[in-house]
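Colleague: I am attaching a structure below and will ask some questions about it afterwards.
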Amino acid sequence: MNIATIVLSAGKGTRMNSDIPKVLHEVLGKEIILWSNEVIKNFENKFFVIGHQHELVKGYISNDSQTVVQEEQLGTGHALSVVFNDENFLTDIYDYVLVIPGDVPLIKEEILNSLISKVVSSKASIGFVVASVKEPFGYGRVIVDEEDNVTKIVEERDASKEEKKINLINSGIYCFDYEFIKNHIEKLSDTNKQKEFYLTDLIELGFNKKEKILVVESSEVSIMGINSMDQLHNLEREAREIVINMHVDNGVYFQDSSTAYIDEGVSIGSGTKILANTHLLGNTVVGENCTIGPNTMISDSEIGSGSKVLYSVVSESSMKQEVQIGPYAHLRPGSNLGNNVKVGAFAETKKSNIGDGSKVPHLAYVGDGEIEDNVNFSAGSITVNYDGENKNKTIIKEGAFIGSDVMLVAPVTIGEGAVIGAGSVITKDVPAKALAVERSEQKNIEGYADRKKKRKKD
Ligand code: UD1
Ligand code: CA
């Protein structure tokens, strides 16, 4: 069985009121077109019809799919005919053509498979997915005769008052017999309110030719289309709930799911608690039995099991197990922490490896650092990694103790077990086990306070 899959994603998305092509808007942190890529990943012979800002959109389409440019967007029927006339669309080798709209991100693979198998097994010319919805506005209505035969689809703008009341709608997902399309696609006309070539007119054409037409019913949420910001907003909310429910089923606790923002694709281990106002974004992986939040944003990062991240921001970083972050820590890209590390209040790290058991508990900056195991980085200390021109490395060997308010002027290496006295500005390497102190000697001037008081009185 040879099936071609065609995704229609050339439209501008005029009703979005936005310069961004419709399919590049995000749902749960993932562009709509990537959702389409994902749902058809197991299919072969894939074609995306692109048009509006096609150079930009093309960059998001997976390499195993071909693109066909529809220069002028004259309607969904026209989009399909452009594919049929494309030289890369090898004609006559397909038995069926699956067509899906590019603006319906929550389509399920199961529904596509069940549509295909139903069409194939009953040798239908047309099958499409429908849904009964509460608010049918904007969708094509499915018209059925007394004998329950689908006779046509009427678009919102062309529908009569009575037809507008119908809440059985067309999802825009179809499976057609290849020959049927080939013989009828050029017969579509644009004599309708929108002056567009409607793909949906193929249904009426098929009915008039006594072709077999069948429908498969889907839940409303999996076929929600995005035409406006309002619809995007509603869909985002639905999608969020689906994703959060999946995590709940996997044993994740949400203190308040209405304030949890979990991108699609984030993975969370069981026993983990997600506290209020937590954002887990991109390709984030959280282990088991962690506590994340409240008020935390983690993107594209890996959080090892048993870790706690409180009131903090973590980006493109990783930590092994039982790590404690925050409150008010900022882990910038490339911070890789070992087991039992602590990065505490008002500490920032960047592009640094921090070994097992090391602590950066308060008011510190570690940038471009190679920090080995069990290092203590006291309050107010920083790596001076930038000399105004270059970024330089600070290497701190195992077990070293960096006192408070220390400037480690990079490039510099602190030897194993070395101790740096508080307030030092370290510009030279420190040997293992040594004490390095760099500050002027303290003077105590006896009786000064009393003399000062006396001077004031006189
Ligand atoms: C379409 C259906 C409608 C259905 C709804 C489901 C038609 C005429 N109507 O309406 O029955 O209920 O989808 O969501 O098909 N596109 C192109 N080239 C074009 C025009 C559109 O590639 O020339 C793409 C769009 O980018 C979009 C998809 O086709 O991804 C659907 O087009 P859209 O304009 O959103 O159609 P709807 O009005 O939603
Ligand atoms: Ca649409």
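The values are calculated or read from the model by the stated rules, or taken from the named source; none is laboratory data. Note that this is a predicted model, so its numbers are computed, not measured. Virtual Cβ from ideal backbone geometry, glycine too; neighbours counted across all protein chains shown. Each accessible area value is taken on the protein alone, full model and side chains, heavy atoms only, with ligands, DNA and RNA left out. Shrake-Rupley method; radii C 1.70, N 1.55, O 1.52, S 1.80 Å.
Colleague: If eta is 0.692 mPa s and T is 37 °C, what Stokes-Einstein diffusion coefficient results for the range 29-133, Kirkwood Rh from Cα pairs, in µm²/s?
Modeller: 219
Colleague: Can you send over the solvent-accessible area of Met229, 1.4 Å probe, protein chains only, in Å² to the nearest 10?
Modeller: Met229 has an accessible surface of roughly 90 Å² with all protein chains in place.
Colleague: Helix-only estimate, please: 222 nm mean residue ellipticity of the chain, summing -39500 (n - 2.57) across DSSP H runs of length 4 or more and dividing by its residues, to the nearest 500.
Modeller: -5500 deg cm²/dmol
Colleague: Hey, what angle do you get for helix 109-121 against the long axis of the chain, alpha-carbon based, 0 to 90 degrees rounded to 10?
Modeller: For 109-121 against the chain, the angle is about 20 degrees.
Colleague: Nearest 10 degrees is fine. How inclined is helix 448-457 to the longest principal axis of the chain, computing both from alpha carbons?
Modeller: Approximately 90 degrees, to the nearest 10.
Colleague: Listed here are the pairs Lys320/Lys351; Lys134/Lys212; Lys152/Lys187; Lys351/Lys391; which of them are more than 18 Å apart at the Cα?
Modeller: Lys134/Lys212
Colleague: Enumerate by residue number the trypsin sites (Lys or Arg not before Pro) in the range 77-174 meeting two conditions: DSSP loop (anything except H, G, I, E, B), and at most 10 other Cβ atoms within 10 Å of the site's Cβ.
Modeller: Answer by residue number: Lys123, Lys134, Lys165.
Colleague: Can you give the Rg and Dmax of the range 1-78 based on its C-alpha atoms, in angstrom?
Modeller: Looking at the range 1-78, its Cα Rg and Dmax stand at 12.3, 42 Å.
Colleague: Let me ask something else about it. Tell me the Rg and the Dmax, in Å, that the Cα atoms of the range 284-354 produce.
Modeller: My reading of the Cα-based Rg and Dmax gives 10.0, 26 Å.
Colleague: Please report the carbon-and-sulfur percent of the accessible area for the chain; probe 1.4 Å, protein heavy atoms only, DNA, RNA and ligands left out.
Modeller: On the way: 10760 of 22510 Å².
Its accessible area is 48 percent carbon and sulfur atoms.
Colleague: Sticking with this structure for a sec: Can you give the Rg to Rh ratio for the chain, taking only C-alpha atoms and Rh from Kirkwood? The partial results should precede the final answer.
Modeller: Working: Rg = 31.3 Å, Rh = 26.1 Å.
Answer for the chain: 1.20.
Colleague: Mind pulling the per residue volume of the convex hull built on the Cα atoms of the range 308-458? Å³ is fine. Walk me through the intermediate numbers first.
Modeller: Values: hull volume 21.5 nm³, N = 151.
Cα convex hull per residue, to the nearest whole number: 142 Å³.
Colleague: Now a separate question. Let me check against my output: what whole-number percent is the relative contact order of the range 1-110, with C-alpha pairs under 8 Å and at least 6 apart?
Modeller: This gives 42 percent for the range 1-110.
Colleague: How big is the range 70-218 along each principal axis, measuring the range of its Cα positions in Å and listing the largest first?
Modeller: 42, 35, 33
Colleague: May I ask which residue of Ala422, Asn183, Val360 lies farthest towards the positive end of the charge dipole of the chain, with charges of +1 (Lys, Arg) and -1 (Asp, Glu) on Cβ and the Cα centre as origin?
Modeller: Ala422
Colleague: Compute the projected area of the convex hull of the Cα atoms of the range 151-218, averaged over all viewing directions, and report it in nm² to one decimal place.
Modeller: Orientation-averaged projected area of the Cα hull: 5.0 nm².
Colleague: Rounded to a whole number of µm²/s, how large is the Stokes-Einstein D of the range 144-267 at 37 °C and 0.692 mPa s, given Rh as the Kirkwood radius over C-alpha pairs?
Modeller: 184
Colleague: Can you sort Lys58, Lys456, Lys195 by solvent-accessible area, 1.4 Å probe, largest first?
Modeller: Output order, biggest surface exposure first: Lys456, Lys195, Lys58.
Colleague: If I fit a long axis through the Cα atoms of helix 229-249 and take the longest principal axis of the Cα atoms of the chain, what angle between them do I get, 0 to 90°, rounded to 10?
Modeller: Helix 229-249 sits at roughly 70 degrees to that axis.
Colleague: Same structure, new question: Between Gln255 and Gln442, what is the label-to-label distance in nm when each label sits 7 Å out along the Cα-to-Cβ direction?
Modeller: 4.1
Colleague: Determine the distance separating the Cα centre of the range 261-324 from the Cα centre of the range 193-259; give it in Å without decimals.
Modeller: Cα centres, the range 261-324 to the range 193-259: 30 Å.
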